[in-house]
Amino acid sequence: MRILRLPQVEAKTGLKHSAIYERIAGGNFPKPIPLGKQARGFLESEVDDWIRAQAAKRDTSDAA
């Protein structure tokens, strides 16, 4: 299991931090896990699952 910090998540998803945290607040992106008092990270597997789900939505809407 690998933990990604926010800059890595931004690079992987193409989203900026504000868009990521808007989606977290809306329940549409994986929540970060605490790494320390102020440090947070994201599980790479959850981010990858989110990316796959976005692609599946696209593929479903393209087929309709």
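The values are calculated or read from the model by the stated rules, or taken from the named source; none is laboratory data. Here the structure is a predicted model, which is why all the values come from computation and not from measurement. Reconstructed Cβ throughout: ideal geometry from the backbone, glycine too, with neighbour counts over all protein chains shown.
Just a few scattered comments:
- Leading residue by the ranking (nearest to the chain's Cα centre (by Cα)) among those in segment 37-64 that are among the β-branched types (Val, Ile, Thr) and at pLDDT 95 or above: Val47
- Segment 33-52, residues that are assigned to a helix (DSSP H, G or I) and surrounded by 11 or more Cβ atoms within 10 Å (Cβ to Cβ): Glu44, Ser45, Glu46, Val47, Asp48, Asp49, Trp50, Ile51
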